[in-house]
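Colleague: Before anything else, here's the structure in question.
The values are calculated or read from the model by the stated rules, or taken from the named source; none is laboratory data. None of the values given here were measured: they were computed from a predicted structure. Methodologically, a virtual Cβ is constructed for each residue, glycine included, from the backbone with ideal geometry; neighbour enumeration extends over all protein chains shown. Surface accessibility is based on the protein's heavy atoms, side chains included, excluding ligands, DNA and RNA. Shrake-Rupley method; radii C 1.70, N 1.55, O 1.52, S 1.80 Å.
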Amino acid sequence: MVLADLGKRINTAVNSALSNSQDDYTTTVDVMLKSIVTALLESDVNIKLVFALRNNIRTSLLDSKSRSIDNAQTKKLIQKTVFDELCKLVDGETEPYVPKKRKQNVIMFVGLQGSGKTTSCTKLAVYYSKRGFKTGLVCADTFRAGAFDQLKQNAIKARIPFYGSYTETDPVKVAQEGVAKFKKEKFEVIIVDTSGRHRQEEELFQEMVEISQVVKPNQTIMVLDASIGQAAEQQSKAFKDSSDFGAIILTKMDSHAKGGGAISAVAATKTPIIFIGTGEHVHDFEKFSPKSFVSKLLG
Ligand code: GDP
């Protein structure tokens with residue numbers, strides 16, 4: 001991740017403002033905020049969020065009792081305010097669904113092709129399987145040639161039971177049959193992988209709605225490639241409108257993602273990130289914590 005660059009840049013902005021401190025406290029704060037705004041925008045955080053954040057930080061600093069820019073305490077206050085405001089942004093406003101033992105929990109995945117959906121399905125299946133849930137995988141991607149083979153190979157390697165079809169072309173039917181089979185066999189976590197295709201075509205969203213209607217998921221998860229940058233806001237809003245996902249998995253956090261896109265996606269949909277993908281291997285998967293994400297973001 002190159003996220004740490006943002007932290008370095010914010011620290012530089014703070015240090016430079018402190019050392020070139022103007023007589024006027026407000027001017028010093030504004031000069032510093034200008035550099036922070038630039039650093040956030042260049043990290044792909046959405047412009048509206050950046051300005052809202054800027055205003056919140058400004059209000060906090062101007063309201064603070066010390067109102068002096070030249071001591072270590074002020075520096076700490078600035079860093080804490082930036083940290084807290086960023087945490088608020090990545091902390092979705094709703095609580096994610098948590099699968100329950102001895103219940104049949106259906107989890108449906110949505111996201112664009114290449115985002116890391118199939119990989120993340122297996123990672124999540126392994127996560128729950130390791131915690132004692134009887135877990136199965138359903139491949140409802142009949143659009144991409146090789147999708148079933150990919151899920152099958154992942155599932156065999158991870159020893160997770162799977163369901164799919166080489167002949168059935170209707171993804172809704174495959175999803176329905178797969179979920180019904182696993183339900184009959186008393187599986188506790190049933191994960192449904194769907195097609196992603198490349199563009200946000202109308203049919204893709206229609207297909208997601210239809211699959212959702214037959215499998216009736218307890219949770220829908222959108223998979224988002226962390227390196228998507230500014231496109232994250234619009235993409236996640238489009239998926240939210242059609243699939244009303246309740247959680248996000250952020251993938252490729254090991255890549256050169258700047259991370260700002262992720263912040264924008266959470267803020268635009270008010271939906272929490274639950275896990276992050278940190279590599280191609282099935283165990284490269286971590287529970288998401290806003291504080292540790294922002295700590296990394298700030299370096
Ligand atoms: P799908 O089309 O959305 O199902 O995406 P895939 O699961 O096939 O993943 C697309 C590519 O991204 C594959 O080469 C995966 O190995 C890779 N990938 C998925 N998640 C991660 C991740 O967290 N980190 C890295 N570096 N690669 C990932």
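Colleague: What percent of all Cα-Cα pairs in the chain falls into each 10 Å bin, going from 0 up to the bin containing the maximum distance?
Modeller: Cα pair-distance distribution for the chain, in percent: 6, 27, 29, 18, 11, 7, 2, 0.
Colleague: Which pairs, out of LYS88/LYS130; LYS157/LYS287; LYS130/LYS183; LYS34/LYS287; LYS48/LYS240; LYS76/LYS123, put more than 28 Å between their alpha-carbon atoms?
Modeller: The answer is LYS88/LYS130; LYS34/LYS287; LYS76/LYS123.
Colleague: I've got another one for you. How long is the gain from LYS103 to ASN15 if the chain were fully straight, where each residue apart is worth 0.36 nm and the alpha carbon distance is subtracted?
Modeller: Result for the pair: 26.3 nm of gain on full extension.
Colleague: I'd like to compare 283-295, 206-218: which one has the highest average count of other Cβ atoms within 10 Å, and what's the full order after that?
Modeller: Output ranking for 283-295, 206-218: 206-218, 283-295.
Colleague: Right, here's the next one. Between the range 136-199 and the range 248-299, what's the alpha-carbon centroid distance in Å?
Modeller: 25
Colleague: What is the packing order of peptides 106-116, 187-197, taking the mean over residues of other C-beta atoms within 10 Å and listing the highest first?
Modeller: Ranked by mean Cβ neighbours within 10 Å, highest first: 187-197, 106-116.
Colleague: Something else: Mean-square fluctuation check for the chain, GNM, Cα pairs under 10 Å: which of ASP84, ASP63, ASP44 is largest?
Modeller: Largest GNM mean-square fluctuation: ASP63.
Colleague: Determine the per residue accessible area of the chain with all protein chains present and a 1.4 angstrom probe, expressed in square angstrom.
Modeller: Computed with neighbouring chains in place, this is 47 Å² per residue.
Colleague: Would the range 59-199 count as rounded, prolate or oblate if I go by the C-alpha gyration tensor, calling it rounded below 1.5 in a/c and otherwise prolate when a/b exceeds b/c, oblate otherwise?
Modeller: Prolate shape, in that a/c is at least 1.5 and a/b is the bigger ratio.
Colleague: Something else: For the range 172-299, what Kirkwood radius comes out of the mean inverse Cα-Cα distance, in Å?
Modeller: 15.8
Colleague: Give me the number: length gained by fully extending ALA180 to LEU41, i.e. 0.36 nm times residue separation minus the C-alpha to C-alpha distance, one decimal in nm.
Modeller: Between ALA180 and LEU41, full extension yields 45.4 nm more.
Colleague: How would you classify the range 92-161 from its alpha-carbon gyration tensor, with a ≥ b ≥ c the square roots of the eigenvalues: rounded for a/c under 1.5, else prolate if a/b is greater than b/c, otherwise oblate?
Modeller: Judged from the Cα gyration tensor, the range 92-161 comes out oblate (a/c at least 1.5, b/c at or above a/b).
Colleague: Still on this structure, I have one more. Calculated FRET efficiency, LYS157 and SER289, Cβ-Cβ r, R0 30 Å, to nearest 0.05?
Modeller: Using R0 = 30 Å, I get an efficiency of 0.60.
Colleague: For the range 146-299, give the percent of accessible area contributed by carbon and sulfur heavy atoms, probe 1.4 Å, rounded to a whole number.
Modeller: Summing carbon and sulfur atoms, their accessible area is 50 percent of the total for the range 146-299.
Colleague: Could you go through the range 183-196 in sequence order and give the Karplus-derived ³J(HN,Hα) for each residue, using 6.51 cos²θ - 1.76 cosθ + 1.60 with θ = phi - 60°, rounded to whole Hz, and x for Gly and Pro?
Modeller: Those phi angles translate into 5, 4, 8, 6, 6, 9, 10, 10, 9, 10, 8, 10, 6, x Hz.
Colleague: In addition: Determine the calculated [θ] at 222 nm for the chain from helices alone, applying -39500 (n - 2.57) to every DSSP H run no shorter than 4 residues and normalising by the residue count; nearest 500 deg cm²/dmol.
Modeller: Taking each H run of at least 4 residues, the total per residue is -17000 deg cm²/dmol.
Colleague: Enumerate the calculated ³J(HN,Hα) couplings along the range 210-218 in order (Karplus 6.51 cos²θ - 1.76 cosθ + 1.60, θ = phi - 60°), each rounded to whole Hz, writing x wherever the residue is Gly or Pro.
Modeller: Taking θ as phi minus 60°, the curve returns 5, 4, 4, 5, 8, 8, 6, x, 6 Hz for the range 210-218.
Colleague: Another question, if that's okay. List the trypsin sites (Lys or Arg not before Pro) in the range 99-138 that DSSP assigns to loop (not H, G, I, E or B) and whose Cβ has at most 16 other Cβ atoms within 10 Å. Which are they?
Modeller: Loop-located and lightly packed - LYS100, LYS101, ARG102, LYS103, ARG131.
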